[in-house]
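Student: Structure in structure tokens, see below.
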Amino acid sequence: MNTRNVVLEDHSLLVRDGRILDILPRAIAAERYSATAVLTRNSHLLMPGMINVQSAAAALLTRGANGEAARIEANADFARDGTLAAIAEMLKSGITCFCDRDYFPEETAKAASEQGMRAMIGMPVTDGVTPWAKDAAQSLTRALELRDRHKGDALISTAFAPRAPNSLSDATFSRLATLADELDAGIMVDLHQSTRDIDACIAAHGMRPLARLWNLGLLTPALNAAHMVHLDSADISLTQRTGISVTVCPQSDMKLGNGLPPIAALCAAGVRLGIGSAGAAVLGHDIWGNMKIVALLVDAWEALRAATHGGAAVLGLENEVGTLETGKWADLCCVDLSGPGTQPISDPLAQLVFGGARDIVSDVWVAGRQLLSGGELTRLDWSEVAGRSQAWAARMAARG
């Protein structure tokens, strides 16, 4: 994914100590290396693992539940069980890394770490009382503690995640901007998701959300702006000029009636673009469907790049994952192209993007550990997770 439209045929990828050691023609690899284990996939395509740049993992448990019942279940056990269910779905979909926001970030981080999944954990920042903190000061303090706890972790990274931007004060945003700059930390925030959000910001602050964050010093390359549906030409120019990243969640935003972001214009402006599933209550953590929508607005290559290399760049992980290059972590997704949806193979990239879906994913590795083999989870006990998920559904249905 570092060179446009290049597909290597009949090649081998070698892994040592969790990282990519070499990529070379299969015959040469057999002569040059003596491997302890060899996996052959003759009708498959190997690519970087997909990256879900905007998720609410635990929301998976609210499928089919009414909103009031789902809100009642906001606790640490719910967050942990929901995250495990989401990890199972994401691995089955070829996702090797997800960026999550929840009011129980410790539980999300713990679940991901135990399952060997790569994750960027959003540290909530809010002025109000939440399950995470009682006010802005405590939320920032707890965020710093969580960041320190995972410093140097090979799988878990962190970023500040201000919630409900219209409800955050300028003082809290300014403090956050200072901290992020001092710590070289990332920030993820929902912006320009609906016209209602924009109108509320104009009414309260006399300017659009992007302009407000620009005045507060938050528009830097460290910012990951999610959704970004309603943008005018000035917004796109500001996005390009400041170097912020954008995560599009087209399925979620269409489901909410917000419409589609100007993906083609953002790509043309050279903006770093990632893809996210956002809320999973109805649509689940599916990057394939979102990727198809992006491809219809740009092209298959740009869409696949956004789902892999682009997502890594949005999260600041482009030097570690997102492409198949020597030295990077072996976060890999293997898909079977022999089925009716991708045959006959003439343009592998186009057929992968437009004909592929989660059911063609056969194998997944994160840091060289195989977490999905032949379509089966190797580490996560799905029967146990499914049982707990169903128990939560029953509790919510009883309260609904």
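The values are calculated or read from the model by the stated rules, or taken from the named source; none is laboratory data. Owing to the predicted nature of the structure, the values given are computational and were not obtained by experimental measurement. Note that we place each Cβ from the backbone using ideal geometry, even for glycine, and neighbour counts take in every protein chain shown. SASA here: full protein model, heavy atoms, side chains in, ligands and nucleic acids out. Shrake-Rupley method; radii C 1.70, N 1.55, O 1.52, S 1.80 Å.
Student: Collect the residues in segment 136-184 that are β-branched (Val, Ile, Thr) and either closer than 15 Å to Asn224 by Cβ or touching a Lys or Arg at 6+ places or on another chain (Cβ under 7 Å) (or both), keeping them in residue-number order.
Tutor: Thr158 - this is the single residue of segment 136-184 that is β-branched (Val, Ile, Thr) and either closer than 15 Å to Asn224 by Cβ or touching a Lys or Arg at 6+ places or on another chain (Cβ under 7 Å) (or both).
Student: In segment 137-187, what residues are out of contact with any helix residue (DSSP H, G or I) (no Cβ under 8 Å at 6 or more places or on another chain) and aromatic (Phe, Trp, Tyr)?
Tutor: none
Student: Only one of these is modelled with pLDDT of 95 or more, open to solvent by 10 Å² or more (accessible area, probe 1.4 Å) and not hydroxyl-bearing (Ser, Thr, Tyr): Trp288, Trp301. Name it.
Tutor: Numbers: Trp288 fails: open to solvent by 10 Å² or more (accessible area, probe 1.4 Å).
Selected residue: Trp301, the only one of Trp288, Trp301 that is modelled with pLDDT of 95 or more, open to solvent by 10 Å² or more (accessible area, probe 1.4 Å) and not hydroxyl-bearing (Ser, Thr, Tyr).
Student: Can I ask one more? Taking segment 109-153 only, how many residues are hydroxyl-bearing (Ser, Thr, Tyr), in contact (Cβ under 8 Å) with a residue 24 or more places away in the chain and in contact with a Phe, Trp or Tyr (Cβ under 9 Å, 6 or more places away or on another chain)? Quick ask: steps written out before the conclusion?
Tutor: Just the residues of segment 109-153 that are hydroxyl-bearing (Ser, Thr, Tyr), to begin with: 113, 126, 130, 139, 141.
With in contact (Cβ under 8 Å) with a residue 24 or more places away in the chain added as a condition, the list becomes 113, 126, 130.
Next, only the ones that are in contact with a Phe, Trp or Tyr (Cβ under 9 Å, 6 or more places away or on another chain) stay: 126, 130.
Number satisfying all stated conditions: 2.
Student: Cβ-Cβ below 7 Å, separation at least six or inter-chain, first residue in segment 374-396 and touching a residue at least 24 places away in the same chain (Cβ under 8 Å) and within 18 Å of Ala58 (Cβ to Cβ), second open to solvent by 80 Å² or more (accessible area, probe 1.4 Å) and among the basic types (Lys, Arg): which pairs?
Tutor: none
Student: Does Thr172 count as hydroxyl-bearing (Ser, Thr, Tyr) and either touching a Leu at 6+ places or on another chain (Cβ under 6 Å) or crowded, with 19+ Cβ neighbours inside 10 Å (or both)? Steps first, answer last, please.
Tutor: Values: hydroxyl-bearing (Ser, Thr, Tyr): yes; either touching a Leu at 6+ places or on another chain (Cβ under 6 Å) or crowded, with 19+ Cβ neighbours inside 10 Å (or both): yes.
The answer is yes for Thr172.
Student: Search segment 355-373 for residues being under 18 Å from Ala86 (Cα atoms) and not in a strand (DSSP E or B), and hand back the single one that is least open to solvent (accessible area, probe 1.4 Å).
Tutor: Ala357
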